[in-house]
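The values are calculated or read from the model by the stated rules, or taken from the named source; none is laboratory data. As the structure is a prediction and not an experimental result, all values here were calculated from the model. Ideal geometry is used to build each Cβ from the backbone, glycine not excepted, and the neighbour counts take in all protein chains shown. Note: accessible area is taken over every heavy atom of the protein model, side chains too, but ligands, DNA and RNA are not part of it. Shrake-Rupley method; radii C 1.70, N 1.55, O 1.52, S 1.80 Å.
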Amino acid sequence: MGVSTTSPEEGVTVITVDFPPVNALPVQGWYDLAAAVRAAGSDPGVRCVVLAAAGRGFNAGADIKEMQRTEGHAALIGTNRGCYEAFAAVYECEVPVVAAVQGFCVGGGIGLVGNADSVVASDDATFGLPELDRGALGAATHLARLVPQHLMRTLYYTSRTVTAEELHRHGSVWRVVPRERLHAAAMELAREVAAKDGLLIRFAKASINGIDPVDVRRSYRFEQGFTFEANLSGVSDHYREAFVSSKSSKSSESSKSSEGEAR
């Protein structure tokens, strides 16, 4: 469990996130992910990074239960700063980052994928920002890098999701493959990138970031300011508590159902 790094072949590093059951990252998890991405990018032998995840889905965002069981605002502040660091690490990684996405990719997952250089997804992957339903704001900056402006706004306001195939049609997902082919497809793309000259691929990444029309770090930080305002107003805690209570209730019902079946 946690963040692990492997080097399956020359020039390619795979960073895998594994926080069961749904890859909702705790505060330290975001910092660990940021550190792993920065370390891989600074390694002169690495020319491409694959960002992957174990389990049912790629990323379920922040660990809301951790926020609710932690007194004060320490977990909230830590999550905001941790997400900021992880998203920035992906964007600023010295070499291209390929995101390999399966299942659900929501909340903080959009921040990671939106800042990646390329995206390969399984055919069961879905993408969205349920932030308003969780009493939060943020990552519209990154969703806007995946879909056109008006669609981004509609998805943000409604908390709806889109499929990998829809993103493929918009050009933000490189390939959509069956889940069992996801790792191979991501490695195939990473291998092609890693075949380039190491110095030139770093120049390419820096130059492309340099011509981006939006400063993603400042844009996301601006969004986070409204998250703090929502928390100070008290509305965020209400929605987070409702979410946690809902999850606990479903878990309890599932447990009772399983006990009944066992009998």
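Summary table below
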read-out: Packing-based ranking, highest mean first, of 200-211, 140-151 given that Cβ atoms within 10 Å are counted; value: 140-151, 200-211
read-out: Between region 7-73 and region 153-203, the alpha-carbon center distance in angstrom; value: 17 Å
read-out: Glu10-Ile77 pseudo-label distance in nm [points 7 Å out on the Cα-to-Cβ vector]; value: 4.9 nm
read-out: Probe 1.4 Å - accessible area at Thr13, Å² to nearest ten; value: 10 Å²
read-out: Solvent-accessible ranking of Tyr31, Tyr157, Tyr220, largest area first, probe 1.4 Å; value: Tyr157, Tyr31, Tyr220
read-out: Helix-derived mean residue ellipticity, 222 nm - over the chain, DSSP H n ≥ 4, -39500 (n - 2.57), to 500; value: -17000 deg cm²/dmol
read-out: Net +/- balance of residues flanking Gly41 in space, Cβ distance below 11 Å, scoring K and R +1, D and E -1; value: +1
read-out: Neighbourhood charge, 12 Å Cβ-Cβ cut-off, centred on Trp174 and excluding it, Lys, Arg +1 and Asp, Glu -1; value: -2
read-out: Kyte-Doolittle mean at least -1.0 and Cα axial length at least 24 Å: DSSP H helices in the chain; value: 74-92, 216-233
read-out: Antiparallel content of DSSP bridges confined to the chain, in %, to 5; value: 30 percent
read-out: Accessible surface, 1.4 Å probe, highest first, among residues Lys65, Lys196; value: Lys196, Lys65
read-out: Local electrostatic count, Ala230, Cβ distance below 13 Å [Lys/Arg +1, Asp/Glu -1]; value: -3
read-out: Rh by Kirkwood over Cα pairs, then Stokes-Einstein D for region 71-122 at 0.692 mPa s and 37 °C, µm²/s; value: 275 µm²/s
read-out: Solvent-accessible surface ranking, highest first, for Trp30, Trp174 at 1.4 angstrom; value: Trp174, Trp30
read-out: For region 1-106, alpha-carbon Rg relative to the globular expectation (2.2 N^0.38 Å, N residues); value: 1.07
